[in-house]
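The values are calculated or read from the model by the stated rules, or taken from the named source; none is laboratory data. Bear in mind that the values here come from a model prediction, so they are computed numbers and not experimental data. Reconstructed Cβ throughout: ideal geometry from the backbone, glycine too, with neighbour counts over all protein chains shown. Heavy atoms of the whole protein, side chains included, go into the accessibility calculation; ligands, DNA and RNA do not. Shrake-Rupley method; radii C 1.70, N 1.55, O 1.52, S 1.80 Å.
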Amino acid sequence: YAMGRNTVAEVYAQILDDLNFAETNLPLTNGTAILNTTRAHRNTAIAFKTRVDLSMQKYTDVITEANKIVTLTAPFTATTGVAHALQADVTNVFKAPYTTTESILSMPFTSVETPGTQNQLGYYYGYSGLNGGNGEYSLLGTGIISNAGWLAPDKRRAWVVLNTGNSRNYLAKYPGASPFLDYAPVIRYAEVLLNLAEARTRSTNSVDPQAVAILNAIRGRSDATTVFTVGSFANAQALIDAILIERRIELIGEGLAGADLT
């Protein structure tokens, strides 16, 4: 109680120190898909470092870390440790068994280990007519769901469901009904790729070809009608804007908006 508050810099330093230690001491793999999803391994620590470094605006460090688990060209994969890769169909990430190679770390629930009242994502985001949820959180009508570039053919549009009873949109990303056993994603390979794309663009202040390729990988698996090229962006800021929009679409309902806005 007598200790003064640590500085922001000291807190970040401790987080990175912990993650560096974890990278060195965690196993390369935990042996099975379920354990690789629900228990930390070396690539988990690396993935979290890309998130922390991005929040610190340490863009070259983001690139250094991401390069350990992301190939230079598509299809982007981790070639050491757990073989992380994007799923061809993003909806598979949020279906049983929830243990794809895209799921770097998730919080699991089973029929004998059900979530408590503060953990049921489907209950919060869904509504009674969708999955028996409570409808506590609807989607802002003027938010990302109103973005004109998020086209109707995009598979992720199915995550947005209109409740005609109250004319509000709800998130169907966690569709399981009671007892709401959908895993809670903590960090996914898609985020690591978007972290890298943003860092490359900001660090070079250019329309970076790898960043464009990553943007295509994320968007293209859900919307084959949208293809970006280097020529699609007038400057680096235009590409950054597109990456940030993609984050809001891809990671909706995964708890990152607050940190991103901060």
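Write out the trypsin sites (Lys or Arg not before Pro) in the stretch 50-126 meeting two conditions: DSSP loop, and at most 16 other Cβ atoms within 10 Å of their Cβ.
Details: sites: R51, K58, K68, K95; in loops: K58, K68, K95.
Here the sparse-neighbourhood loop sites are K95.
Long-range amide H contacts for G133: which residues qualify at under 5 Å (H placed 1.01 Å from N, peptide plane, sequence gap of 5 or more or a different chain)?
Amide H to amide H, under 5 Å and 5 or more residues apart or across chains, G133 pairs with Y127, S128.
With every protein chain present, what is the per residue accessible area of the chain (1.4 Å probe, Å²)? Show your work: numbers first, answer last.
Values: 12790 Å² over 262 residues.
Spelled out: the 1.4 Å probe surface of the chain, per residue, equals 49 Å².
Just the number: Rg to Rh for the stretch 86-145, Cα atoms, Kirkwood Rh, two decimals. Please report the intermediate quantities before stating the final value.
Numbers: Rg = 13.8 Å, Rh = 13.6 Å.
Dividing the radius of gyration by the Kirkwood radius yields 1.01.
With all protein chains present and a 1.4 Å probe, how do V212, V11 order by accessible area, largest first?
V11, V212
For the stretch 84-194, compute the orientation-averaged projected area of the C-alpha convex hull (one quarter of its surface), in nm². Could you put the intermediate results ahead of the total?
Numbers: hull surface 30.1 nm².
Taking the Cα atoms of the stretch 84-194, their convex hull projects to 7.5 nm² on average.
Can you pull the Kirkwood radius for the stretch 8-82, inverse mean 1/r over Cα pairs, to one decimal in Å? If you can, show how the numbers build up before the last one.
On the way: mean 1/r = 0.0770 Å⁻¹.
It works out to 13.0 Å.
What's the carbon and sulfur percent of the stretch 179-224's accessible surface, probe 1.4 angstrom, rounded to a whole number?
Values: 590 of 1110 Å².
Carbon and sulfur: 53 percent of the exposed surface of the stretch 179-224.
Taking amide H positions as placed in the peptide plane 1.01 Å from N, state which residues far from V82 in sequence (5 or more) or on other chains have amide H under 5 Å from it.
Sorted by chain and number, the residues that satisfy this are N43.
Which value, in Å³ per residue, describes the convex hull spanned by the Cα atoms of the stretch 24-64? Display every interim value, and only then the final one.
On the way: hull volume 2.8 nm³, N = 41.
Taking only Cα atoms, the stretch 24-64 has a hull volume of 69 Å³ per residue.
Counting helices only, and only those DSSP H runs with n ≥ 4, report the 222 nm mean residue ellipticity of the chain as the sum of -39,500 (n - 2.57) divided by its residues, in deg cm²/dmol to the nearest 500.
Rounded to the nearest 500, the figure is -11500 deg cm²/dmol.
How big is the Kirkwood radius of the chain, worked out from every pair of different alpha carbons and given in Å to one decimal? Kindly include the intermediate steps, with their values, before the conclusion.
Numbers: mean 1/r = 0.0514 Å⁻¹.
Final number for the Kirkwood radius of the chain is 19.4 Å.
What is the set of long-range amide H partners of A184 at a cut-off below 5 Å, with H atoms built 1.01 Å from backbone N?
M107
May I ask you to compute the full-extension gain from A224 to N205, defined as 0.36 nm times their residue separation minus their alpha-carbon distance, rounded to one decimal in nm? It would help to have the intermediate numbers written out before the result.
Values: separation 19, 0.36 × 19 = 6.84 nm, distance 2.76 nm.
Length gained, A224 through N205: 4.1 nm.
If I build a Gaussian network model for the chain, linking alpha-carbon pairs within less than 10 angstrom, which residue out of R188, R168, R42 has the largest mean-square fluctuation?
R168
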